[in-house]
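Worksheet: the structure to be examined is printed underneath.
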Amino acid sequence: MSNEVIAVLGAGSWGTALANVAAENGHDVRLWTYKPAQVAEINEQHRNSQYLGDNPLHEGVVATADMTEAVRDATIVLSVVPTKATREVAHQLSDVLSALDQQVVLVAATKGLEPGTYKRASEMLAEEVADSQRLGLGIISGPSHAEGVIKHDPTLVTAVSENLATAERVQAAFTNSVFRVYTNTDLIGAEFGAALKNVIAIGAGALESLGFDANAKAGLFTRGLAEISRLGQAFGANPLTFMGLSGVGDLFVTATSVHSRNYRAGVQLGEGKKLDDIVENMGMVIEGISTTKVAHELALKKHVEMPITSTIYRVLYEGQDIKEAINELMGRPVSQEGK
Ligand SMILES: NC(=O)C1=CN([C@@H]2O[C@H](COP(=O)(O)OP(=O)(O)OC[C@H]3O[C@@H](n4cnc5c(N)ncnc54)[C@H](O)[C@@H]3O)[C@@H](O)[C@H]2O)C=CC1
Ligand SMILES: O=C(CO)COP(=O)(O)O
């Protein structure tokens, strides 16, 4: 495996877990965070306790609060901040790359769509970081909670780029015996799958706390995936991508795992907790809340039928009662599958 210099921007749970995989693979790793206390804890105690508890980090994960220091000589830069911070951080990265006169392979691990512009994470990166500063552009996606990755649970993800060579470079950098990276070239499908599954996971959590059985969840997953695929295809996605790791794979883990922030938010909604309190108490980003609104708006704009997403929108943003919402969904005119 050739040695890369990998800068990870964002030291939340996922950025830290990915930095750890890279360090375990022998790469030179710099993890950027704007929080000095986090830098000290990672470098001195090899922990990131706020996000990953007592799990030890590889000593090769070196944190810094200086983005220039993180990015200098980097060959691959991973952006792992929440969707709402992606554009701002990418803009900062572009300034740093200009000053260093440096080019990098740029990879997003963020799962969401930007409010207002409806842009995917890789599109935001491409808009902020010039072509001339990039040797490649892609994403890492798939069913992968940081909590499992840090404990070396076998995990399968996908590196996606419209340029297969870029995806293969990311695959080579991150693959190891417990972290298996596939490749794909359908960036649109992979990013729609990654973002939209969070919406369905909120619904799955609500079904759990309302005491519904697996029948209801299986119905939600299947018809949820159908509408994710419909919206993705309206933007040119390959329908087969939704059968892969960044589609059904990520939907499955996010809509069933207690580690999922989106699923846990849904559980609490079903228990009757207020959305503001849920967000405040989670302490980590719940991407699906904002993505629900974006997806609902996009569905209207593109004339794509997304009844589950729109129902979750009404529950989150218009205060509709969840049981009433489920009754409405169940009362819709019956239709043909595969349409
Ligand atoms: N946590 C997980 O297991 C996985 C998360 N993801 C995705 O990765 C992205 C990040 O998620 P998490 O790591 O879970 O989030 P998190 O909430 O654990 O951490 C986010 C990090 O970004 C930093 N941040 C926030 N705003 C910032 C700004 N304006 N400038 C600089 N840094 C900023 C925070 O300080 C924090 O360190 C999300 O899009 C999520 O969907 C994807 C796969 C797995
Ligand atoms: O994308 C994820 C797992 O693949 C993370 O999902 P949550 O943000 O819901 O934890």
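The table below gives the values:
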{"item": "Whole-Hz couplings from phi, Karplus 6.51/-1.76/1.60, listed for segment 42-53; x for Gly and Pro", "result": "5, 6, 9, 10, 6, 9, 10, 5, 4, 9, 10, x"}
{"item": "Modelled FRET efficiency - R0 25 Å, residue 65 with residue 101, Cβ distances, 0.05 increments", "result": "0.65"}
{"item": "Residue (of 22, 12, 116) at the positive-pole extreme of segment 3-184, dipole from beta-carbon charges", "result": "116"}
{"item": "Dipole in debye (nearest 20) - segment 3-184, about Cα centre, beta carbon charges: Lys, Arg +1; Asp, Glu -1", "result": "420 debye"}
{"item": "Spin-label proximity, residue 279 to segment 177-204 - amide N less than 20 Å from point 7 Å beyond Cα toward beta carbon", "result": "195-204"}
{"item": "Exposure proxy order (Cβ contacts within 10 Å, fewest to most) of 186, 153", "result": "153, 186"}
{"item": "Peptides ranked, highest mean first, by Cβ atoms within 10 Å: ranges 170-176, 331-337", "result": "170-176, 331-337"}
{"item": "Span-like helix ranges in the chain, DSSP H, alpha carbon extent 24 angstrom or more, Kyte mean at least 0.5", "result": "187-209"}
{"item": "Most fluctuating residue given options 222, 292, 254, as computed from a GNM of the chain linking Cα atoms under 10 Å", "result": "222"}
{"item": "Inter-probe distance in nm under a simple model that places probes 7 Å from Cα toward Cβ, at residue 3 and residue 240", "result": "3.9 nm"}
{"item": "Gain on full stretching of the segment that runs from residue 271 to residue 300 - 0.36 nm per residue minus C-alpha separation", "result": "7.5 nm"}
{"item": "Using alpha carbons only: equivalent-ellipsoid semi-axes of the chain, gyration tensor based, whole Å", "result": "34, 22, 18"}
{"item": "Of 162, 328, 147, the one that fluctuates the most in a GNM where the chain has Cα springs shorter than 10 Å", "result": "328"}
{"item": "Least to most buried among 246, 177, 122 (fewest other Cβ within 10 Å first)", "result": "177, 122, 246"}
{"item": "Nearby lysines by direct alpha-carbon distance to residue 197 (threshold 29 angstrom, same-chain neighbours under 8 apart not counted)", "result": "84, 111, 119, 151, 217, 273, 274, 293, 301, 302, 323, 339"}
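A short reminder: the numbers here are calculations on the coordinates, not readings from a lab. Here the structure is a predicted model, which is why all the values come from computation and not from measurement. All Cβ positions, glycine included, derive from the backbone under ideal geometry; neighbour counts span all protein chains shown.
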